[in-house]
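Following: one structure in structure tokens, then a few remarks.
The values are calculated or read from the model by the stated rules, or taken from the named source; none is laboratory data. No experiment lies behind these values; they were computed from the predicted model shown. Note that we place each Cβ from the backbone using ideal geometry, even for glycine, and neighbour counts take in every protein chain shown. Note: areas computed on protein heavy atoms with side chains; ligands, DNA, RNA excluded. Shrake-Rupley method; radii C 1.70, N 1.55, O 1.52, S 1.80 Å.
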Amino acid sequence: MHAIIPAGGAGTRLWPLSRRDHPKFLHDLTGTGRSLLQATIDRMTPLARSVTVVTGDRHAQSVREQLPQVPAEAVLTEPAPRDSMAAIGLAAAVLARRHGGEDVIVGSFAADHVITDEEAFAEAVGAAEAAAAAGYVATIGVEASSPSTAFGYIEAGAELTQVRAGLPVHRVQAFTEKPDADTATAYLATGRYRWNAGMFVVAARVLLDHLARHQPDLAAGLDAIAAAWDGPEREQVLARHWAGLPAISIDHAIAEPVAARGGVAVVPASFGWDDVGDWASIRAVMGPAGADAAVRVLGDADRVLALDAPGGMVVPGSGRTVVLVGVPDAVVVDTPDAILVTTAAHAQRVKDAVAALARPGADHLL
């Protein structure tokens with residue numbers, strides 16, 4: 001498998017640490033000393049023949065600085081974001097041309113997720129590769145730990161016994177969008193549903209053929225760009241085609257329509273996954289919450305004093321000392337030019353604050 005790592009997005013729910021010019025995936029959000037992107041590359045390198053990162057022009061320098069071991073030609077840069085299908089499709093098309101003498105299988109894995117059981121993850125990736133080799137678009141369905149409304153869901157159907165993968169592989173019945181709490185609870189009660197973590201493994205030619213069938217304009221544009229990518233006309237061809245590419249996710253472009261025709265397989269797996277999408281998630285990754293839980297600190301713990309403030313989360317990023325007194329479950333993120341004060345229960349609403357800051361004169365805060 002050739003791994004593709006789409007490294008994009010603004011991570012607005014993790015503001016004010018995550019910004020447009022230095023987003024979520026470039027930060028160490030778990031206290032390990034490695035950014036989420038670096039941890040992803042560390043995890044994927046032993047599992048893949050090569051690793052290709054797709055990122056925006058504005059992040060390319062930071063990506064290369066963080067990943068000196070990744071060859072320059074394996075960092076593909078987008079002039080502007082066009083959603084996940086363009087990023088993954090571009091990498092798949094370039095890899096298919098670079099490795100045309102072999103049966104190229106590609107696997108797309110986000111740059112900003114946390115996985116704790118890497119052995120179980122590797123086993124699931126191997127099973128997905130086997131399904132991809134059998135002609136399926138394969139995905140990995142993550143065991144849900146709660147009826148979350150923050151994720152999409154995958155409904156697993158009959159087991160595909162003809163795919164010999166070491167783990168059970170099932171046909172995907174359907175992908176569903178983020179449900180309400182009652183619907184999510186009902187999903188989990190059936191035992192058929194898994195979280196959709198956006199992990200896809202597929203033969204590059206199968207992916208590009210599906211794309212040509214369901215999104216012909218996008219497929220044609222990516223083919224033209226890939227054909228010029230390793231030549232002197234790359235920038236000219238990018239300028240001609242990229243801005244006009246349809247902006248669509250891989251879920252809508254490929255996964256959903258192909259699943260409706262029986263062409264998507266899912267590997268149900270459990271390996272301690274989190275998309276660390278907000279400060280409540282970061283808090284959970286760093287340790288359990290509860291009345292007796294100490295304040296978690298991402299950064300210099302000597303800069304934080306907490307008195308009667310259980311379950312809190314503090315990021316002391318300005319050099320100032322942060323003091324919490326009598327405020328349970330508080331989230332305080334202190335940066336040189338902005339301070340966020342909220343609670344774990346309202347962590348998802350941080351994106352609303354970022355949207356409200358998108359006004360003249362406030363660009364420096366985004």
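If the condition is being in a helix (DSSP H, G or I), of a type outside the set (Ser, Thr, Tyr) and under 17 Å from the mean Cα position of the chain (by Cα), then the range 34-50 contributes LEU36, LEU37, GLN38, ALA39, ILE41, ASP42, ARG43, MET44.
Here is a check on your reading of the model: is ALA80 touching a strand residue (DSSP E or B) at 6+ places or on another chain (Cβ under 9 Å) and crowded, with 17+ Cβ neighbours inside 10 Å? Break it down into steps so the answer makes sense when it comes.
Working: touching a strand residue (DSSP E or B) at 6+ places or on another chain (Cβ under 9 Å): yes; crowded, with 17+ Cβ neighbours inside 10 Å: no.
Answer is no for this residue.
Restricted to the range 300-347, and to residues there that are open to solvent by 40 Å² or more (accessible area, probe 1.4 Å) and assigned to a strand (DSSP E or B), the residue that is nearest to ALA150 (Cα to Cα) is THR343. Among the residues of the range 189-206, at least one is within 19 Å of ARG97 (Cα to Cα), in a helix (DSSP H, G or I) and open to solvent by 30 Å² or more (accessible area, probe 1.4 Å). You will find that of ALA138, ALA158, ALA111, ALA120, the residue that is in contact with a strand residue (DSSP E or B) (Cβ under 9 Å, 6 or more places away or on another chain), part of a helix (DSSP H, G or I) and at pLDDT 95 or above is ALA120 and no other.
Within the range 51-71, not a single residue is part of a loop (DSSP other than H, G, I, E, B), modelled with pLDDT under 95 and buried (at least 18 other Cβ atoms within 10 Å of the Cβ). Kindly establish whether ARG97 is basic (Lys, Arg) and either in contact with a Cys (Cβ under 7 Å, 6 or more places away or on another chain) or buried (at least 19 other Cβ atoms within 10 Å of the Cβ) (or both). No, not satisfied. Given the condition closer than 30 Å to TYR153 by Cβ, at pLDDT 95 or above and open to solvent by 70 Å² or more (accessible area, probe 1.4 Å), answer yes or no: does some residue in the range 232-252 qualify? Yes, there is a match, as at least one residue in the range 232-252 is closer than 30 Å to TYR153 by Cβ, at pLDDT 95 or above and open to solvent by 70 Å² or more (accessible area, probe 1.4 Å). Looking at the range 2-54, which of its residues are on the phi > 0 side of the Ramachandran plot and in contact with an Asp or Glu (Cβ under 9 Å, 6 or more places away or on another chain)? Of everything in the range 2-54, those that are on the phi > 0 side of the Ramachandran plot and in contact with an Asp or Glu (Cβ under 9 Å, 6 or more places away or on another chain) turn out to be GLY9, GLY11.
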